[in-house]
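Down below is the structure, laid out as structure tokens.
Values quoted throughout were computed directly from the atomic coordinates according to the rules given, and no laboratory measurement underlies them. What you see is a predicted model; the values in this text were computed from it and never measured.
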Amino acid sequence: MSENQKKTIIVSHRLRGFDEHDASLKGLQNAIANNITHFEVDCRITKDGEIVIHHDARLGSDFSSNPFIADKTLSELKQIFYKNSNDTVLTLDELFQIIELHQNIKIYLDIKECGKEEKIIEEAAKRNLLKNIVIVSWLPEVLFKINSLLPSMQLCFSFYPVCDTFPSQINYFNAKIKSLLFRQKKDRNTSLFNTYNTDNGVTGQYGFDHEHFVSLPFRGKLLETLQSVNGIACVNYKLPSQHFIEQLQKQNLQICLYSINTKKDLQKYGAKFHPDIVLTDNSTLM
């Protein structure tokens, strides 16, 4: 095993495999009971400005109803249960309360919407968890705000690579069509697709997903911010070319690949890209 491979950190993606639901209280408890020390979860913002742990803009089919999180207060969301249990969506505060008791845990916290960065940092600081967190986002604006609040916080930018691989080109074309259709419908769950190579960006709105397609090289404020904190570039493992990853590494960015779910792919793409971090939905790879 090479030195690069030895350093690869395997991270549980959304705590999948530790419960039948993503990022649930039960899943968190089961992961901790199984000595999992690295996991990734997502933040969403409620109508009254509270923060819950959930990936999608809607609650989803696992729940008794499926509203947009941004349309409900926290109190209203806590009246909506998983279909097969008395559990509700996990809050950031509940997550931090549990993690506070396990100081060896590293959380990759994916912030989906702008606007509550200060609150997240304050809550983490209050529980002495700043050293336990890596901030992840698809929104550069989130990373810039976090960096202004806490210049030492490690940051990770998630994006879709635009390169010469066939999967990358097809993904880019399909996403552009999808973005156009969703904007015409003015759907609350629309995705904004853009090539992000400059300081200009889009402020996130609650209930929206914002994603960027990036062609290299990175430059400007985004690159400078990432480089200043030993930053991470996070991409789907099937999309980039080897040259694309090598360019990121030459810019002194760490590499995170998602979501590798088999031992065979872990070995294959580990040898090809030498990632620093791998997200997985397969709890047995942990």
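Taking the convex hull of the Cα atoms, report for the chain its projected area averaged over all directions, in nm².
Projected area, direction-averaged: 14.5 nm².
Roughly how large, in nm² to one decimal, is the mean projection of the convex hull of the alpha-carbon atoms in the stretch 1-117?
The number I arrive at for the stretch 1-117 is 8.3 nm².
How long are the semi-axes of the equivalent ellipsoid of the stretch 137-179, taking √(5λ) for every eigenvalue λ of the Cα gyration tensor, in whole Å from largest down?
30, 12, 5
Please state, as a whole number in µm²/s, the translational diffusion coefficient that the Stokes-Einstein equation yields for the stretch 199-286 at 20 °C and 1.002 mPa s, with Rh defined as the Kirkwood radius across alpha carbon pairs.
149 µm²/s
Binned at 5 Å from 0, what are the whole-percent values of the Cα-Cα distance distribution for the stretch 100-186, short to long?
Going out from 0 Å in 5 Å bins, the stretch 100-186 shows 3, 13, 18, 17, 14, 12, 10, 9, 5, 1 percent.
Suppose we take every Cα in the stretch 25-91 and form the convex hull; what volume per residue is that in Å³?
Convex hull volume per residue, Cα atoms: 83 Å³.
Tell me which lysines have Cα within less than 17 Å of K263's Cα, excluding those fewer than 8 residues away on the same chain?
Cross-link targets: K6, K7, K238, K272.
Excluding residues fewer than 8 places away in the same chain, name every one of the lysines whose C-alpha is closer than 28 Å to that of K126.
Answer for K126, where 28 Å is the Cα cut-off: K26, K47, K72, K78, K106, K112, K116, K145, listed by chain and number.
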